[in-house]
Amino acid sequence: MRYPLNVTVNGVRTTAEVEPHRPLLSVLREEIGLTGPKEGCDDSECGACMVLLDGDPVNACSYLALQADGRAVTTVEGVAGADGLHPIQRELLAAGGVQCGFCTPGIVMSAKALLDRDPDCDEDDVRGALAGNLCRCTGYQKIIAAVLRAARQPGHPAAGRP
């Protein structure tokens, strides 16, 4: 049996008919066509599937799609603005915090949630926010530095902080 799902994804109202057992990740990738969130561990351990649900980070691999009914989902595809990449994305590229790129969408989403919630974050805050995101390539230091630099971008509330 399939049930109606009404969700706003990256600012666009979307409807689908889904089975009750379907995770949000599979609906985003297979029904809606957004492949930015990745399926890594399928057990909420790696963070590659991270999306924002009403601004809060969730692992889409273990979050049922029907639980998102009537809510707003943001994927990595919805992060960049009309003027280009989000500061987090730009800084990750500039710092060399992206290697294979598989984990990057989830890291961007976790970092965005942190900066939206706590624009005056410090290194410990960044480490805590990214604790659910595994990266096998970069060693994290460049990622952490990039998130802190993104927080200091002009126009960001923490801009001008050392």
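For the reader, a short list of remarks on this structure follows.
- Nearest-ten-degree value, helix 104-117 long axis tilted from longest Cα axis of the chain: 70
- Each peptide in 56-64, 10-18 receives the mean, over its residues, of other Cβ atoms within 10 Å, and ordering these scores from highest gives 56-64, 10-18.
- Three-way shape call for the stretch 69-162 based on the alpha-carbon gyration tensor, with the a/c threshold at 1.5: rounded
- Which label in (1) 16.4; (2) 16.0; (3) 23.2 gives the computed Kirkwood radius over Cα pairs in Å: (2)
- Using the Cβ of Ala131 as centre and a radius below 14 Å, the other residues enclosed give a net charge of -3, where K and R count +1 and D and E count -1.
- Think of a 1.4 Å ball rolled over the protein heavy atoms: the chain then has 49 Å² of accessible area per residue.
- Centroid-to-centroid separation of the stretch 8-56 and the stretch 67-83 [C-alpha atoms, Å]: 10
- Shape category assigned to the stretch 72-111 from the gyration tensor of Cα positions, a/c cut at 1.5: oblate
- The chain, relative contact order [Cα under 8 Å, separation at least 6], %: 22
The values are calculated or read from the model by the stated rules, or taken from the named source; none is laboratory data. If you're wondering where the values come from, they're calculated on a predicted model, not measured in any experiment. Reconstructed Cβ throughout: ideal geometry from the backbone, glycine too, with neighbour counts over all protein chains shown. The accessibility values were calculated without ligands, DNA or RNA, using every heavy atom of the protein model including side chains. Shrake-Rupley method; radii C 1.70, N 1.55, O 1.52, S 1.80 Å.
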